[in-house]
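This report concerns only the one structure given below.
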Amino acid sequence: METLTVTTAAVTDNQRWVDGFAERPDLQQGPAQLVSFRQNAIEKLAQTSFPTRRDEDWRYSDFTRALNEDWATQVAQAPQVVRNTFEIPDFTGFVLVTIDGEFQPDLSDTIPGLVVSTTEALIDDATHGSWIAERLSSFAEDDNAFTNLNAAFAKTSLFLSIGKNEKIGKPVHVIHLATRNASKRFINSQVFVRIPQGAELTIDETFDTLAQGEAIFRNHVIRGSVDAQGRLEYRSIQNEGRNDYHVSNANFDQAGTGYIDHTRVDLGGSQVRNNLDINHKGAGLETHMAGLFFARGRQRIDNQTFLDHAFPHGESNEIYKGIVMDNAVTSFNGKVLVRPDAQKTNAYQQNDNLIIGTKAEANAKPQLEIFADDVKCSHGATIGQMDEAPLFYLMARGIDRGTALGMLQRGFLLEVLDRINSEAVRAYVEHMLMAKFNEA
Amino acid sequence: MLSIKNLHSQVEETPILKGINLDIKPGEVHAIMGPNGSGKSTLASVLAGREEYEVTDGSVDFLGEDLLELDVDERAQNGLFLAFQYPIEIPGVTNATFLRSSINAIRKANGLDELNGAQALKLIREKMAAVEMDPSFLKRSLNEGFSGGEKKRNEMLQMMLLEPKLAILDETDSGLDIDALQVVAKAVNSMRDANRSFLVVTHYQRLLDHIVPDFVHVLYQGRIVRSGDKSLALELEKRGYDWIKEEVDAQTA
Ligand SMILES: Nc1ncnc2c1ncn2[C@@H]1O[C@H](COP(=O)(O)OP(=O)(O)O)[C@@H](O)[C@H]1O
Ligand SMILES: [Mg+2]
């Protein structure tokens, strides 16, 4: 006789989010459109499962256990914030601050020439309302439980835009703070960036935490569009606490002749997952995507990127480099799609990983899918161990093992560090990197 | 300065050094010659502390300390320098950063103040001129894409900057044209003094015309089979190694 055993995998209990949503009357308030997007999103979430290891694209990121912990979603009472603690030293630009996802005008600079506002303030606006609504509805309806969750709970989200053919000439640093307290806190933050035709903007985004206390789970979304001849330079630097969780969903629509240069840095977090999607909407554009990650201890850092070349004469350049040591696990999954119409595309993708020690694990899955015949595409991935020979050479010149290792690790990541077009930001990243190299 | 007694070393169970005895006193220049594969680089590597060469017997005293007990970096800090036969290329680490880190690591270990960027640069440029290296090599990644001769000049530059008590040159002359050879000889000769010693490993007598050794040793099959003064090098130049090989092989047969 046959016995049938049914095993149920651990799943995330979505009902708790639905219940949590009902306990937040503040989410039912505000502009009617926004309230209805939130309502749609929570309904969608009720029917959408969070991904598990069984989903091919989430093999190295399973947040089920983390999600099932007890998370508070209310915006906390933020302590007094001394802004300059979180600023980038020697940064010559403007600073904006969010706390627990909400934009903080009082802590932020006034930026001449830049529209700095919130989804709440602009959802019914003649110029930006429909653009925001389009984005909010699209990600509330995603088949991605994380973005549904974000759309349901996000409140006073930052919106940035600039006039056609304008630029402000200085970068904008967005500091995202999260307040720790006695209970674990879940933060749904959103940023919207709209770059119209011929306009230019540089954004440096960092994530930090306020006060002492329990873990933070940040579920971050950034959505943007870059129109013809528009240029966006967008860096995102994550160095949150080693018990914190971080999921980021970045999604940009890039019009023909638009330019996007993105760099992502991940040093912190206990478990980190980044989704980056760039959708090409026209011919002759240029996209740069760079990533730098360094995982140690028991950290898990997972980068998933998707670039959709759908039109001719596009250029893309992707380089992700990471170091993994101790018991950490990293993965890179980069998909580049070159559709039949995307003739004369130049697509380059590279992912290099350096493993230190015997227990660390790096996973690389470069995927280049080409359906056009007149294109130049290349991709590659390497996973290597730290060589003894260079280490011996440096030590034979009196340099101690730790310093020598740090020099070699930095050398390995240099190609990505060199992509950071801001001396202050680069120094800031290098400083954090060095501190992490030097951890015992 | 350096006293090697009955040194045995193996790589992956294969014995390579089979009882080396060598004494180097302050101010002396010793040359080690010998056919390819005789163990010259192995001896140099064991002294510098390369881990894959396991010491199975013997002892090495360097300036009153048990050298074999010291880590690689400590040996360098104590004044031992190895000019590599094959200098390693290290992408992403500039020559300037490397040189400064190494100067300061050694200064710090010896209780001296570290040099700041400007001081280090001044010193480095001065010594670069001495080894006829263009300052543009400072910005380049360490040894990456350097020609054979450029790598060797860079080794000499490091030797001059670190001012070791004992410098071991492992075939620094091989593959060099006559001009580069002169640079190497000049670097060594400018540093010779009563308190500094050199161990010059070479395959050819040519270098020893310029760096005149006090002693010449022949290494063959992991042993020093003959020692003499500089005339031994000349004899080897004339007669090659075969007669020594034959003599040794006859004895061991
Ligand atoms: N890392 C190694 N692994 C295996 N064999 C080695 C290694 N290094 C040296 N040997 C062997 O040891 C012997 C001596 O080599 P080496 O010291 O390089 O000689 P030399 O410098 O005198 O030409 C050679 O037979 C060489 O093949
Ligand atoms: Mg050799």
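The values are calculated or read from the model by the stated rules, or taken from the named source; none is laboratory data. Keep in mind that this is a model prediction, so the values were computed, not measured. All Cβ positions, even for glycine, are placed from backbone atoms using ideal geometry, and neighbour counts span all protein chains on display. Heads up: the accessible areas ignore ligands, DNA and RNA and are worked out on the full protein's heavy atoms, side chains in. Shrake-Rupley method; radii C 1.70, N 1.55, O 1.52, S 1.80 Å.
When the residues of the range B:210-232 are filtered to those that are of a type in the set (A, V, I, L, M) and more than 16 Å from ligand 2 (Cβ to nearest atom), which remaining residue is farthest from B:ALA185 (Cα to Cα)? Outline the logic, then answer.
If we filter the range B:210-232 for residues that are of a type in the set (A, V, I, L, M), which is where we start, we get B:211-212, B:216, B:218-219, B:224-225, B:232.
Still in the list and also more than 16 Å from ligand 2 (Cβ to nearest atom): B:211-212, B:216, B:225, B:232.
Values: B:ILE211: 6, B:VAL212: 9, B:VAL216: 17, B:VAL225: 26, B:LEU232: 20 Å.
Result: B:VAL225.
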Exercise for the section: Could you look through the range B:23-45, keep only residues that are open to solvent by less than 10 Å² (accessible area, probe 1.4 Å) and more than 12 Å from ligand 1 (Cβ to nearest atom), and pick out the one that is nearest to B:LEU236 (Cα to Cα)? Expected result: B:ALA31
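Would you say A:SER248 is under 30 Å from A:VAL82 (Cβ atoms), assigned to a strand (DSSP E or B) and modelled with pLDDT of 95 or more? Walk me through it before giving the result.
Details: under 30 Å from A:VAL82 (Cβ atoms): yes; assigned to a strand (DSSP E or B): yes; modelled with pLDDT of 95 or more: yes.
For A:SER248, the condition - under 30 Å from A:VAL82 (Cβ atoms), assigned to a strand (DSSP E or B) and modelled with pLDDT of 95 or more - is met.
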Problem - Among the candidates A:ALA389, A:ALA381, residue that is touching a residue at least 40 places away in the same chain (Cβ under 8 Å) and either of a type in the set (Gly, Ala, Ser) or open to solvent by less than 20 Å² (accessible area, probe 1.4 Å) (or both) - result: A:ALA381
Exercise for the section: For residues that are assigned to a strand (DSSP E or B) and either more than 19 Å from B:MET1 (Cβ to Cβ) or more than 15 Å from ligand 2 (Cβ to nearest atom) (or both), tally how many sit in the range B:21-47. Expected result: 7
Practice task
Specify the residue that is surrounded by the most Cβ atoms within 10 Å (Cβ to Cβ); the eligible residues are those in the range B:219-253 that are modelled with pLDDT under 90 and among the β-branched types (Val, Ile, Thr).
Solution key: B:ILE244
Fill in the blank from the handout: Note on the range A:411-433: residues of a type in the set (Asp, Glu) and assigned to a helix (DSSP H, G or I) are A:GLU415, A:GLU423, A:GLU430
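With the structure loaded, tell me whether B:VAL93 is facing chain A (nearest Cβ under 9 Å) and among the β-branched types (Val, Ile, Thr) or whether it fails that test. Show your work before the answer.
Values: facing chain A (nearest Cβ under 9 Å): yes; among the β-branched types (Val, Ile, Thr): yes.
Yes; evaluated as a whole, the condition is true for this residue.
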Practice task
Evaluate the following for B:VAL93: is it in contact (Cβ under 8 Å) with a residue 40 or more places away in the chain, away from ligand 2 (no atom under 16 Å from the Cβ) and more than 16 Å from B:LEU157 (Cα to Cα)?
Solution key: yes
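Identify the residue in the range B:178-218 that is of a type in the set (Lys, Arg) and not in a helix (DSSP H, G or I) and, among all such residues, is most open to solvent (accessible area, probe 1.4 Å). Please lay out each step first, then the result.
Applying the first criterion (of a type in the set (Lys, Arg)) to the range B:178-218 yields B:186, B:192, B:196, B:206.
Going one step further and asking which of them are not in a helix (DSSP H, G or I), we end up with B:192, B:196.
Values: B:ARG192: 79, B:ARG196: 37 Å².
It comes out as B:ARG192.
Condition check ((1) assigned to a strand (DSSP E or B); (2) free of Cβ contacts under 8 Å to residues at least 60 places away in the same chain; (3) closer than 25 Å to A:ALA211 by Cα; (4) hydrophobic (A, V, I, L, M, F, W, C)) across all residues:
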site	(1), (2), (3), (4)
A:SER161	yes, yes, no, no
A:LYS170	no, no, no, no
A:ILE175	yes, no, yes, yes
A:ALA182	no, yes, yes, yes
A:GLN190	yes, no, yes, no
A:ARG194	yes, no, no, no
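Consider A:ASN243 carefully, then state whether it is in a strand (DSSP E or B) and either at pLDDT 95 or above or closer than 20 Å to A:PHE293 by Cβ (or both).
Values: in a strand (DSSP E or B): no; either at pLDDT 95 or above or closer than 20 Å to A:PHE293 by Cβ (or both): yes.
In short, no.
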Exercise for the section: Hey, could you check the range B:77-97 for residues that are closer than 16 Å to B:LYS152 by Cβ and over 15 Å from the mean Cα position of the chain (by Cα) and say which is farthest from ligand 1 (Cβ to nearest atom)? Expected result: B:ASN95
Handout entry: the range B:145-177 - residue that is part of a loop (DSSP other than H, G, I, E, B) and polar (S, T, N, Q) and, of those, farthest from ligand 1 (Cβ to nearest atom)
Key = B:SER147
Problem - Qualifying positions in the range B:1-18 - surrounded by fewer than 16 Cβ atoms within 10 Å (Cβ to Cβ) and more than 14 Å from ligand 2 (Cβ to nearest atom) - result: B:LYS5, B:ASN6, B:GLU12, B:GLU13, B:THR14
Problem - Subset tally (residues that are in a helix (DSSP H, G or I) and among the small types (Gly, Ala, Ser)) for the range B:219-239 - result: 2
Practice task
Please enumerate the residues belonging to the range A:224-239 that are surrounded by fewer than 24 Cβ atoms within 10 Å (Cβ to Cβ) and charged (D, E, K, R).
Solution key: A:ASP227, A:ARG231, A:GLU233
Practice task
Might you let me know whether the range A:394-410 holds any residue that is among the hydrophobic types (A, V, I, L, M, F, W, C), under 24 Å from A:ARG300 (Cα atoms) and not in a helix (DSSP H, G or I)?
Solution key: no
Practice task
Please enumerate the residues belonging to the range A:405-424 that are facing another protein chain (nearest Cβ under 8 Å) and within 24 Å of B:ARG75 (Cα to Cα).
Solution key: A:MET407, A:LEU408
Problem - Qualifying residues in the range B:51-69 (those that are under 18 Å from the mean Cα position of the chain (by Cα), more than 16 Å from ligand 2 (Cβ to nearest atom) and open to solvent by 30 Å² or more (accessible area, probe 1.4 Å)) - the one nearest to the other protein chains (Cβ to nearest Cβ) - result: B:GLU51
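State whether one or more residues within the range B:7-30 are closer than 30 Å to A:LEU408 by Cα and under 16 Å from the mean Cα position of the chain (by Cα).
Step one: of the range B:7-30, the residues closer than 30 Å to A:LEU408 by Cα are B:9-12.
Subset that is under 16 Å from the mean Cα position of the chain (by Cα): none.
Among the residues of the range B:7-30, not one is closer than 30 Å to A:LEU408 by Cα and under 16 Å from the mean Cα position of the chain (by Cα), which makes the answer no.
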Exercise for the section: Test A:ALA427 against the criterion of being modelled with pLDDT of 95 or more and more than 11 Å from chain B (Cβ to nearest Cβ), and give yes or no. Expected result: yes
Exercise for the section: For the range B:104-111, indicate whether the set of residues that are more than 10 Å from chain A (Cβ to nearest Cβ), at pLDDT 95 or above and open to solvent by 10 Å² or more (accessible area, probe 1.4 Å) is non-empty. Expected result: yes
Completion exercise
Of the residues in the range A:370-393, those that are facing another protein chain (nearest Cβ under 7 Å) and of a type in the set (A, V, I, L, M, F, W, C) come to A:ALA389, A:PHE392
Exercise for the section: Among residues belonging to the range B:113-124 that are without any contact (Cβ under 8 Å) to a residue 12 or more places away in the chain and within 24 Å of B:SER190 (Cα to Cα), point out the one that is most open to solvent (accessible area, probe 1.4 Å). Expected result: B:LYS122
Handout entry: Check on B:ALA48, within 13 Å of ligand 1 (Cβ to nearest atom) and within 12 Å of chain A (Cβ to nearest Cβ)
Key = yes
